[in-house]
Amino acid sequence: MLRISCTSSWPGLINACDDAMRAVLAEKVQRVPQRGCVNVQSYGKHWPCLFPQHGPGKKHERPIVLADWQRSIVEGHPGDFLRGLFHSDGCRFANWVVVRGKEYVYPRYMFTNESADIMGLCQWGLDLLGIAWRMNRRNSLSVARRDAVAALDRHVGPKS
C-alpha cells in the first residue's frame, strides 16, 4: 500500500495527491480521515517499482538515490519535482528583517530535510531551473532573491 498523509488544512493538496495516484497506477484510492490529516492511500503490488528508494529505516539514515529512469523524468520536469518537495517539506513565507533601523519584508522559500540525499536532490532540481539558493543550516536551504522566488512561484505555486 502507498499511504500519503496530508494535513487537513490543504484540501487542494489532498485532491492533487488522489489525482496523481489515479493517473500513475491506482484504480481505487481511499481517503482515510485522521485527526488533523487525511491519509490518501492505494493498494498495489507495483508501488515499490515506482519508489525503489523505499525501504526499512529512517530516510536520513539510508541512501536516497534516484533510479536512472526517475532521474530522466526529473530532468524533464524539474518544476513538478520541486513542487512536490516544497509542498511536503518546504514553505513560502514573508521574511521580516531590520537593517539599520529600517524594516524590510520580502517573500522567501525554505526547504528543510534531515536527509542529505533529499537535500541534494532539491539543490539539483533548483540548479536545473537556474534558481539561486543557499544553505542557511546543514538541513535547511533558502530561496530569497527576488528573481529566484518569482521563478519558484511559477513552478511550485501556493498550497491550497
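Couple of notes before you dig in:
- Being in contact (Cβ under 8 Å) with a residue 24 or more places away in the chain, under 26 Å from MET1 (Cβ atoms) and either surrounded by 13 or more Cβ atoms within 10 Å (Cβ to Cβ) or hydrophobic (A, V, I, L, M, F, W, C) (or both) is a condition met by at least one residue of region 97-114.
- For region 20-44, the set of residues classified as surrounded by fewer than 12 Cβ atoms within 10 Å (Cβ to Cβ) and under 24 Å from VAL156 (Cα atoms) consists of ALA23, GLY36, listed by residue number.
- Test: residue in region 81-90 that is in contact (Cβ under 8 Å) with a residue 24 or more places away in the chain and either open to solvent by 70 Å² or more (accessible area, probe 1.4 Å) or in contact with a Cys (Cβ under 6 Å, 6 or more places away or on another chain) (or both): yes
- The residues in region 45-72 that are closer than 17 Å to GLY120 by Cβ, open to solvent by 90 Å² or more (accessible area, probe 1.4 Å) and not basic (Lys, Arg) can be counted, and the count is 5.
So that you can scan it fast, the table gives a plain yes or no per residue for (1) more than 25 Å from MET119 (Cα to Cα); (2) over 14 Å from the mean Cα position of the chain (by Cα):
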| position | (1), (2) |
| --- | --- |
| ASN15 | yes, yes |
| GLN30 | yes, yes |
| GLN34 | yes, yes |
| PRO52 | no, yes |
| ARG71 | no, yes |
| ASP80 | no, no |
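Residues checked against (1) surrounded by 13 or more Cβ atoms within 10 Å (Cβ to Cβ); (2) within 11 Å of PRO78 (Cβ to Cβ); (3) modelled with pLDDT of 95 or more; (4) of a type outside the set (Ser, Thr, Tyr):
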| position | (1), (2), (3), (4) |
| --- | --- |
| TRP124 | yes, yes, yes, yes |
| ASP127 | no, yes, yes, yes |
| VAL149 | yes, no, yes, yes |
| GLY157 | yes, no, no, yes |
| SER160 | no, no, no, no |
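The values are calculated or read from the model by the stated rules, or taken from the named source; none is laboratory data. Just so it is clear, the model here is predicted, and its values are computed rather than measured. Backbone-built Cβ (ideal geometry, glycine too); neighbour counts: all protein chains shown. Side chains included, ligands, DNA and RNA excluded: accessible areas come from the protein's heavy atoms. Shrake-Rupley method; radii C 1.70, N 1.55, O 1.52, S 1.80 Å.
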